[in-house]
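Taken together, the values in this text are just the output of simple stated rules run on the coordinates, not laboratory data. All values derive from a computational prediction rather than experimental measurement. Note that we place each Cβ from the backbone using ideal geometry, even for glycine, and neighbour counts take in every protein chain shown.
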């Protein structure tokens, strides 16, 4: 049963169930068993078995042996018990056997499981791109009198679900073949039953643009950005109205931010909106939500996440030594507020309401998650509702925002969190999509470890990540949510060695892949506002 943090919160997650004797049912990573015809249920402890951010997506019971079960997950592989859940073995531990292994510890989603008459397992795996069928056979025991046991094997029964559409599209885009035809760009048809939602989706659809910090949105810098947008035909700007330092970047009149000392009016928001609208530019207000050192430090840190080990406000701290005095000083480089707190929700939604009143067209919530860096194992909420999970905390916030805002709402998600069903840091795309109109996955190829999708070249991999990532996001979000990815318009790490023709191609492939995969526009991200990866001299 869902534990509602707000009247708008709808569900706790996907239920996977199988009738039988016994009967198994799973929600998230929690597996339950009934042995008395559904009258009572016992939970099977999987906390040390599977990754707690994954989802159980398939279950099977061997009806020749009621204690023999297998479970499949959204990205963490497949597990078996022969003693009704007392002990478990990972069947996918030998990665070399499994064609659905994607690298970096990630498997393709297990979509179906069946036992055969001999107790071996048929596995259906795939997500958003067709399915792969394989047959898993246990190794035979060693011969009588000694010898070596036969190795387990996986027999392919169907085609690989490893992105053939992406590879064909890549070939078309880069001109490696002329026999396949022109790229097919997927377009979303907006047909929601809700008239208000249809209006919001129509306003937000197919927007292409750039991100600007409040400093870069200053009047003396805007003409150059407007000229760049005109050259490339872009029609939207994402601008900071609340940044990841907790600063409110316009002259907010709200009492809570002013009391917290958070108002730093760098941006003349009404003037900026008027200038953008005069050029037909759609304005998206970016609000960093839960990473907020200003609010976290305010009023005795009552809104802060807590450090269970040190019994103080939680943060990521750094110690520096003064070169002249030798004095050591420790300061917080990250502070986070508690996503369970309705007062924190109201603080951020009130900012959204104010900027909508000042003319922005869409509100985009970023850092809508729990922290990922630092001593995250020590993070606790002093305000968590018993039985509620992190996803429900974020759902509660978005339900409140949806109730109070009548403009399009967008959210930014980690790329991995938009690739698979998961709840890492509370970012469950399936559940959060219920409350928003647009999801912007950050599929930056440099941020996926290189061992993910290792068989592709660097450029192929960038294309496949955006093409398949967009397709998968569309499945996860559903038919009435737009996918508008952030593109990596910055170089980092080994990419800094790219020459101009290479990095221009790298960015262009991200654009092409997103649109071919069905994205409704895209946004270029460069925190510095230096969009040097765009080719110079391009005229619309």
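Taking all Cα pairs closer than 8 Å and separated by 6 or more residues, the relative contact order of region 15-162 comes to 14 percent. Estimated purely from DSSP H runs of n ≥ 4, each contributing -39500 (n - 2.57), the mean residue ellipticity at 222 nm for the chain is -7000 deg cm²/dmol once divided by its residues.
Exposure proxy shown here: for 98, 336, the number of other Cβ atoms within 10 Å sets the order, fewest to most, as 98, 336. Each part reduced to its alpha carbon centroid, region 76-143 and region 37-64 end up 15 Å apart.
Label-to-label distance for residue 311 and residue 459 is 6.0 nm, based on points extended 7 Å past Cα in the beta-carbon direction. Computed from the C-beta positions of residue 156 and residue 64 and an R0 of 35 Å, the FRET efficiency is 0.90 to the nearest 0.05.
Mean separation of Cα pairs under 8 Å and 6 or more residues apart, divided by the residue count, gives the chain a relative contact order of 13 percent.
Neighbour counts of other Cβ atoms within 10 Å put 533, 429, 133 in the fewest-to-most order 133, 533, 429.
Using R0 = 56 Å, the C-beta based FRET efficiency linking residue 221 and residue 15 works out to 0.65.
Averaging the Cα positions of each part gives two centres, and for region 298-327 and region 366-445 these lie 25 Å apart.
Note on 483, 281: ascending count of other Cβ atoms within 10 Å places them as 281, 483, the fewest first. Where both bridge residues fall in the chain, DSSP classifies roughly 60% of the beta bridges as antiparallel. Multiplying the residue separation of residue 253 and residue 497 by 0.36 nm and removing their Cα-Cα distance gives an extension gain of 83.2 nm.
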